[in-house]
Amino acid sequence: MTGKTKKNFSFRNFLFRYGFLFVLLLVIVYFSASAPSFFSLTAAISVLHTAAPLLVIASGLAFVIMTGRIDISVGSIAFLSSAVAALMISRYHLSIPLAVICMLALSCLMGAINGFIVVILKVNPMIATFGTQLAYRGIGLFLTNSMVVSLPRSIRFLGNKKVGPIYVDILFSLFVLLIMFLVHTRTQIGRQIVAIGNDISIAEKLGIKEKKISFFGYLLCGLMAGLGGIVMTLQVGGVTPTSGTGYEFSAIAMLVIGGISLYGGEGSILPGILIGGITLAVIETGLNYVGASVYVYSFVRGGVIFVSMFADALKTQIKPKAKIIEDEESSTILAK
Amino acid sequence: MKKKIIVTLLVVVVISVFAAFAPAEQEQTVKVCVSWNEKVHSLIQAWQDYMEMYAAELEPETGIKYEWIVNVANGDANLQNNNIQDCINQEVDYIVARAQDSGTIGAAIKAADAAGIPFITFDRASTSGEPTTHVGEDGYLQTRTTAEAFAALLKENGVEGKCIELQGDLLDNTAVLRHNAWKDVEEELGAWTTVAEVPTEWKAEKFYQGALNALQANPDANCIYVASDFAFSSVENALSAVDKLAPTGEENHVWVAADDVNPMGYEAMKAGIIDLGTTWEAYSVSVLFVDTLNKLVKGEAVEKEYLISGRLATPETVDSLEYLYSLDPKYTD
């Protein structure tokens, strides 16, 4: 019994599964030692508040990445849908619920366009969503005339609303993560998405309607980008032409850090995305707290993204070998 | 004889009519490529509008008709250089560019020089190549004006400043000049200590998150310098999150110096949140640019750079400033 337990424990697997948790702990210890006020409830809440828009966006993107595809237009979807809503509210004085409904419908439409191009027209996901990334931002810049669209003062500070000490957008993003977690783990669609990411041809042989499910992934991704756009806009009180730029790469990094493989079929919404989101936000917030040199920020951001991608690639290279060894061991045991 | 007189009179009349309707000077059409690095706020649109408007006003007098070819690089320095190359290929007569990256615009300047096209850098100077001339506002002087007035204001109110500096994008030479001016005045006058420097890359999200984190990390901070107020709602939201959004005179007021007096900054200044700032001029710089361009077209000598200085604005004086684009409803964000 004891021997079996020893055999099942793999330090390598343990490291791959929990490695970033150790990194996160080390980062927290470092910032806490460098800036005493960092190790506090206020800072912890601030970290989650900073991460909130990206947590929502990443939760949708996860459903695309788990199918083994990618969507790099999420930042532009967040920008265009937010810009349209802000214009409807500020310039055309439409009601807020109507603007929000239009915004979410528009973000679904943009996700559906991505899904159509990638899944139906079979265009390479990177190229297709790079094209729509430019197109969506271009439409947004045209509509706003490349100007800042500020929200009316009556709703400008909604992004700061708190329940007790906790910002409402933190609760909202955690709620979204929970819903997405349930969709991923407790529904047929969630399991089918993972199956497609593992192997499309096997998934199809199993009777999974690959195109339909993958298309749904893109649609959901668009919707979540729109919801994330709402959080982002409320935090800053308006939409600027640069809103959402770089979000796609931060969201991808968040997912990879959280253990969602870029090669598809692997990873979890909870705690995966939460760990990834917190890690990135801790670094960003920590640098603010320690008053780091402005030139350090880009270097650290780039370094984190590189390390997470490298770890993902390494994991994918090592995994099949480990599987073969495990299979051989199982066969030996069975033969005995 | 009578016939001769009639013919002579007719000739005189015809010549007079032609003389009256003939243009005083031959009209010259000049193709100008305007390369914007991005259009992140209404100031850039205002610059373009004022340039076109002022040039059109001068047209009857100068006989120079400008044809504007405008492109925007959406914050991408490589795209901007490609856009400028497209202009060179179209054989424009002049190129004016607001650089996304002062350190890489030099490549475009060299390409234009090789094609024999005069190049004017606008608003943001080049650190990587020498253009024909540079037209803009003095970023160093702007923040120096703000910082000196801010030091006087803090001293007047008996405040020992502990300031947060929200910097711009340090790829932008103007942002660097503003940072340098802030540091210089801090050292010279000792009216405040900068407790946190926050890079924003001119992104609203980073203004918000950076300001919020810095305010939480330094609860005793009592002043903020904002390198540009174009997305000031982000700073207001951060102040509001820590219950420090209060106008001058209230107990929890944080002293704020914010440069540019963009529409959002103007609104905050009128509300008493921003205590002072120096304008980043739209109209005057555009006028200066068109005058410089006219000189080049006429073959007159130009200087290496033409810089103007902004005007100090406070809640009391801001409405009295002439040609303030922030007061034009067309540019209200």
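Below are the figures for this structure:
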{"item": "Per-peptide average of other Cβ atoms within 10 Å, ordering A:89-99, A:226-236 highest first", "result": "A:226-236, A:89-99"}
{"item": "Whole-Hz couplings from phi, Karplus 6.51/-1.76/1.60, listed for region B:65-74; x for Gly and Pro", "result": "9, 9, 10, 9, 10, 9, 9, 10, 9, 6"}
{"item": "Helix axis angle, A:96-115 relative to chain A longest principal axis, alpha carbon, degrees", "result": "40"}
{"item": "Shape parameters for the protein assembly as shown, alpha-carbon atoms, Rg then Dmax in Å", "result": "29.4, 139"}
{"item": "Given charges at beta-carbon only (K, R positive; D, E negative), |dipole| of region A:52-269 in Debye", "result": "380"}
{"item": "For B:VAL30, net neighbour charge (Lys/Arg +1, Asp/Glu -1) across residues whose Cβ lies under 10 Å away", "result": "0"}
{"item": "Table column - 3J(HN,Hα) (Hz), region B:315-325, Karplus curve with 6.51, -1.76, 1.60, x for Gly and Pro", "result": "x, 7, 9, 4, 6, 8, 6, 7, 6, 8, 5"}
{"item": "Shape category assigned to region A:269-310 from the gyration tensor of Cα positions, a/c cut at 1.5", "result": "oblate"}
{"item": "Selection from A:PHE14, A:ALA86, A:SER150 lying farthest towards where the dipole of chain A points positive, charges on Cβ", "result": "A:PHE14"}
{"item": "Descending principal axes extents, region A:46-103, alpha-carbon based, whole Å", "result": "41, 29, 16"}
{"item": "Dipole of chain B [Lys/Arg +1, Asp/Glu -1 at C-beta], most positive-end residue of B:GLY190, B:GLY161, B:TYR94", "result": "B:TYR94"}
{"item": "Among A:ALA51, A:ALA292, A:ALA253, residue whose mean-square fluctuation peaks in a GNM of chain A (springs only between Cα atoms under 10 Å)", "result": "A:ALA292"}
{"item": "Dipole-positive endmost among B:LEU239, B:THR292, B:CYS223 within the protein assembly as shown (Cβ charges, Cα centre)", "result": "B:LEU239"}
{"item": "Selected from B:ASP259, B:ASP138, B:ASP93 as most flexible by GNM, with chain B as the system and alpha-carbon contacts under 10 Å", "result": "B:ASP93"}
{"item": "Cα convex hull of chain B, projected area averaged across orientations, nm²", "result": "21.5"}
{"item": "Charge dipole (debye, nearest 20) of chain B; +1 at Cβ of Lys and Arg, -1 at Cβ of Asp and Glu", "result": "1480"}
{"item": "Relative frequency of Cα-Cα separations exceeding 24 Å in region A:52-269, percent", "result": "39"}
{"item": "Debye log10 I(q)/I(0) at q = 0.13, 0.14, 0.26, 0.28 Å⁻¹ for region A:70-124, Cα point scatterers", "result": "-0.37, -0.42, -0.94, -1.02"}
{"item": "Share of Cα-Cα pairs in region B:139-278 lying beyond 23 Å, as whole percent", "result": "22"}
{"item": "Residues with amide H under 5 Å from that of B:VAL254, placed H, sequence gap 5 or more", "result": "B:ALA246"}
{"item": "Folded to 0 to 90 degrees: helix A:274-290 orientation relative to chain A principal axis, Cα", "result": "60"}
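Laboratory data are not the source of any read-out in this text; all were calculated from the coordinates shown. These numbers come from a predicted model, not from an experiment. Positions of Cβ are backbone-derived with ideal geometry, glycine not excepted, and every protein chain shown enters the neighbour counts.
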